[in-house]
Amino acid sequence: MSMIFGVPLAVLAGQLLIGVINGAFYALLSLGLAVIFGLLKIINFAHGAMYMLGAMSTVILFDALGVNYWVALFVAPLLVGAVGVLIEYFLLRRIAGQDHIYSLLLTFGVALLLQGVLTNIYGVSGLRYSMPDIFQGGMKLGFMFLPYYRLWVIVIALLVCFGTWFMIEKTKLGAYLRAGTEDSQLMQGFGINVPLLISLTYGFGVMLAAFAGVLAAPIYSVTPVMGSHILITVFAVVVIGGMGSIGGAIITGILMGVIEGLTKTFYPPASSAVIFLVMVIVLMFRPSGLFGKEA
Amino acid sequence: MTMMKKLLTSAVATAMMVGGAQAAISDNTVKIGYLADMSGTYRDLAGPNGMKALEMAVADFGGKVSGATIEVVSADDRNSADVASSTVRRWVENDKVDLVAGLVASSVSIAVSDILEENDKLGIISGSAASSITNEHCTPNHIHYVYDTYPLANGTASAVVKEGGKTWYILTADYAFGHALEADVTRVVEANGGEVIGTLRHPFPTPDFSSFILQAQASGADVVALANAGADTTNAINTASEFGVTQSGQTLAALLLFLTDVHALGVDAAQGIQLTTGWYWDMNDETRAWSDRFEKETGVRPTMVHAGIYSSTMQYLKAVEATGSDDAQTVRQKMMDTPINDMFAKNGKIRVDGRMVHDMYLAEVKTPAESKGEWDLYKILRTIPADEAYRPLSESKCPLVTSK
């Protein structure tokens, strides 16, 4: 078998594929952050908590009401999105126009609050969620065993990412959104309800996080603290991609998944740090990120 | 008159002295501080429910010992040695706490036992894993009660090697606890004729294990061992199940796994995993009866840590009762002199290094077909006798042992 730096080619191929799958996750999460920052200029530190709420509500809906995975895929993001709209309406609106640091602190507080309350109710060991039957098992690719569910995650995550990018960059609604956040008074003059638009945009970004949470429920431990670990990584991805760049978030997400996967193969202990290393290097040469507009 | 006064005074003084000797329990209160992770990673295996177990012991004593009131206070150490140190310092220096119980993260336990030694108070550690707590970090002021890394490696690793798992691949959490466990396991595997063909140090914590599990699969080792704990272990097991590790013929060995972890995973994902435990709720009528009481209080079945907290608190209170004293050394000596026979341990013994040695158990997680309920999770495969399970005193580096 041919080897690359002491790693068999087949193993490397498997790792690359896993990297892309994880990258799709990062892309989905950082996309929501980028939407919220790009359009609303809110640094949403509650994003990890919203991802957690997506996963937790999937499990809770199933346990309490028998809601299955497919229904949860729609219902959980809608519920969490509604929570997002409430947070925007009652809290974030009050600090609109203030320095970014206020939104950061406020959303961080909200995240801690949610995490604390749910920890008291559900503990930290994790809630159990079974893989839907249709995804049991996987296929043998020769170089690795690929669970069907991972394949599904990559397909659906990329579809949602592309759909979101398309809606914001290429449709009329997207144009309103961008214009509304650019010059809200002008848009209001045109008879567009800008505050509503902002609430809905925040809710939509939150929905993307919750959707990633639903996708995560069958494969990761569902716990009230699951969002806090991933949040910082996702922030790094957004910074590397360029704060607010929608396409940048998606591409960087996948790229970082792959880089992390390769690190896990060649030098595992560095795998949690490699994304931050990339961030440092990128910021040194391109302070506004890979795909960000020069300020 | 003067004579009379003298007589009276001396009578009163004598009476006071006699009274003082009878009530050798300082300020007529036995105060227990319960310190544990109440909100973080180790919350469920010890945490608030450990406090309930402790309160059960106090209630079983009627809230009084040797005529003195038993008082319980608690605090969240947030898994921080700093937070724990300042709390315990305040407890022993200002709040007259006699015993510190709970104690989960090994770093916390080691920091706290130093402060207890300085102030000559007593600590009983129920949740920590590091075997160094009664080895190089031993003090005359603490007792390590439930389990440690020595039997974890001894029990699981030697059993799995003897069953034919000759080649091992170890996934290790990249910090002190993981390294120690990896070293212990390697020693045991090699001593039993097996071989460690690869180790992989993963960052702590790691939410996604897919890449590491793939590497473990590609290694072709008979056994994939997990030298990590908590969420890392459950995530790794989940991923191993998703990627069909056991279906493809490899054995999964989790070196530290609590009942709450297995409950969270469910038998589907965890079935067939072998583990070492200090206690299991469904071993006999006595353990079941106590666990029923515990479940009434908390809504969940107890882990070995919860049971250990109850048992050790009882052992402590009995020693206070017997000696009529809350002096740390008097009580510790009495605890050492009294074998432990309760729902937690049979013929358990506290050694001079503070290690409570008792039988440990090799267990296997049941299959979905075998499991009759949400907490019906383990089959006990083998009892590991106390002498075999723990580090023998002849190998001890504890000054209390070596200076003798």
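The values are calculated or read from the model by the stated rules, or taken from the named source; none is laboratory data. Being a predicted model, the structure only gives us computed values, none of them experimental. Using ideal geometry, Cβ is built from the backbone for each residue, glycine included, and neighbour counts are taken over all protein chains shown. Remember, those area values only see protein heavy atoms, side chains included, never the ligands or the DNA or RNA. Shrake-Rupley method; radii C 1.70, N 1.55, O 1.52, S 1.80 Å.
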Among B:218, B:269, which is at pLDDT below 95, within 13 Å of chain A (Cβ to nearest Cβ), open to solvent by 30 Å² or more (accessible area, probe 1.4 Å) and not in a strand (DSSP E or B)? B:218
On the given criteria, is residue A:43 under 15 Å from residue A:243 (Cα atoms), open to solvent by 10 Å² or more (accessible area, probe 1.4 Å) and touching a helix residue (DSSP H, G or I) at 6+ places or on another chain (Cβ under 8 Å)? yes
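Sort through A:51, A:102, A:89 and tell me the only one that's open to solvent by 40 Å² or more (accessible area, probe 1.4 Å) and either touching a residue at least 12 places away in the same chain (Cβ under 8 Å) or under 19 Å from residue A:28 (Cα atoms) (or both).
Among A:51, A:102, A:89, only A:89 is open to solvent by 40 Å² or more (accessible area, probe 1.4 Å) and either touching a residue at least 12 places away in the same chain (Cβ under 8 Å) or under 19 Å from residue A:28 (Cα atoms) (or both).
Yes/no per residue for (1) closer than 13 Å to residue A:214 by Cα; (2) in a helix (DSSP H, G or I):
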{"site": "A:12", "(1), (2)": "no, yes"}
{"site": "A:23", "(1), (2)": "no, yes"}
{"site": "A:27", "(1), (2)": "no, yes"}
{"site": "A:30", "(1), (2)": "no, yes"}
{"site": "A:35", "(1), (2)": "no, yes"}
{"site": "A:51", "(1), (2)": "yes, yes"}
{"site": "A:58", "(1), (2)": "yes, yes"}
{"site": "A:67", "(1), (2)": "yes, no"}
{"site": "A:77", "(1), (2)": "yes, yes"}
Going through (1) over 30 Å from residue A:109 (Cβ atoms); (2) of a type outside the set (Lys, Arg); (3) in contact with a Leu (Cβ under 9 Å, 6 or more places away or on another chain); (4) more than 14 Å from chain B (Cβ to nearest Cβ) one by one, residue A:15 fails only at (4)
Among (1) open to solvent by 20 Å² or more (accessible area, probe 1.4 Å); (2) more than 10 Å from chain A (Cβ to nearest Cβ), which single condition is residue B:291 missing? (1)
Selection from region A:128-138 of residues that are within 11 Å of chain B (Cβ to nearest Cβ) and either open to solvent by 40 Å² or more (accessible area, probe 1.4 Å) or farther than 29 Å from residue B:43 by Cα (or both): A:128, A:130, A:135, A:136, A:137, A:138
Residue under evaluation residue A:33, criteria (1) open to solvent by less than 10 Å² (accessible area, probe 1.4 Å); (2) within 14 Å of chain B (Cβ to nearest Cβ), criterion not met: (2)
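Residues B:64, B:96: which one is touching a residue at least 60 places away in the same chain (Cβ under 8 Å) and either under 30 Å from residue B:264 (Cβ atoms) or open to solvent by 10 Å² or more (accessible area, probe 1.4 Å) (or both)?
From the options B:64, B:96, the qualifying one is B:96.
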Looking at region B:30-45, which of the residues that are open to solvent by less than 20 Å² (accessible area, probe 1.4 Å) and modelled with pLDDT of 95 or more is farthest from the other protein chains (Cβ to nearest Cβ)? B:30
Among (1) modelled with pLDDT under 90; (2) farther than 24 Å from residue B:270 by Cβ; (3) within 14 Å of chain B (Cβ to nearest Cβ), residue A:178 falls short only on (3)
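For residue A:125, state whether it is part of a loop (DSSP other than H, G, I, E, B), open to solvent by less than 70 Å² (accessible area, probe 1.4 Å) and within 30 Å of residue B:219 (Cβ to Cβ). Please lay out each step first, then the result.
Numbers: part of a loop (DSSP other than H, G, I, E, B): yes; open to solvent by less than 70 Å² (accessible area, probe 1.4 Å): yes; within 30 Å of residue B:219 (Cβ to Cβ): yes.
So residue A:125 passes the test.
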Among what's in region B:130-156 and is surrounded by 24 or more Cβ atoms within 10 Å (Cβ to Cβ) and of a type in the set (Gly, Ala, Ser), pick the residue that is farthest from residue B:348 (Cα to Cα). B:153
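Look at region B:222-234 and say how many of its residues are acidic (Asp, Glu) and either more than 10 Å from chain A (Cβ to nearest Cβ) or open to solvent by 10 Å² or more (accessible area, probe 1.4 Å) (or both).
Kept after step one, since they are acidic (Asp, Glu), are these residues of region B:222-234: B:222, B:232.
If we keep only those that are either more than 10 Å from chain A (Cβ to nearest Cβ) or open to solvent by 10 Å² or more (accessible area, probe 1.4 Å) (or both) as well, we get B:222.
Residues that pass the stated criteria total 1.
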Qualifying positions in region B:235-260 - more than 26 Å from residue A:140 (Cβ to Cβ) and within 13 Å of another protein chain (Cβ to nearest Cβ): B:257, B:258, B:259, B:260
Considering region B:338-388 alone, what residues qualify as being at pLDDT 95 or above and of a type in the set (Asp, Glu)? B:342, B:353, B:359, B:370, B:376
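I'd like to check something: does region A:107-120 contain any residue that is away from chain B (no Cβ under 14 Å) and open to solvent by 80 Å² or more (accessible area, probe 1.4 Å)? Working first, answer last.
First, pick out the residues of region A:107-120 that are away from chain B (no Cβ under 14 Å): A:107-111.
Next, only the ones that are open to solvent by 80 Å² or more (accessible area, probe 1.4 Å) stay: A:108.
Among the residues of region A:107-120, at least one is away from chain B (no Cβ under 14 Å) and open to solvent by 80 Å² or more (accessible area, probe 1.4 Å), which makes the answer yes.
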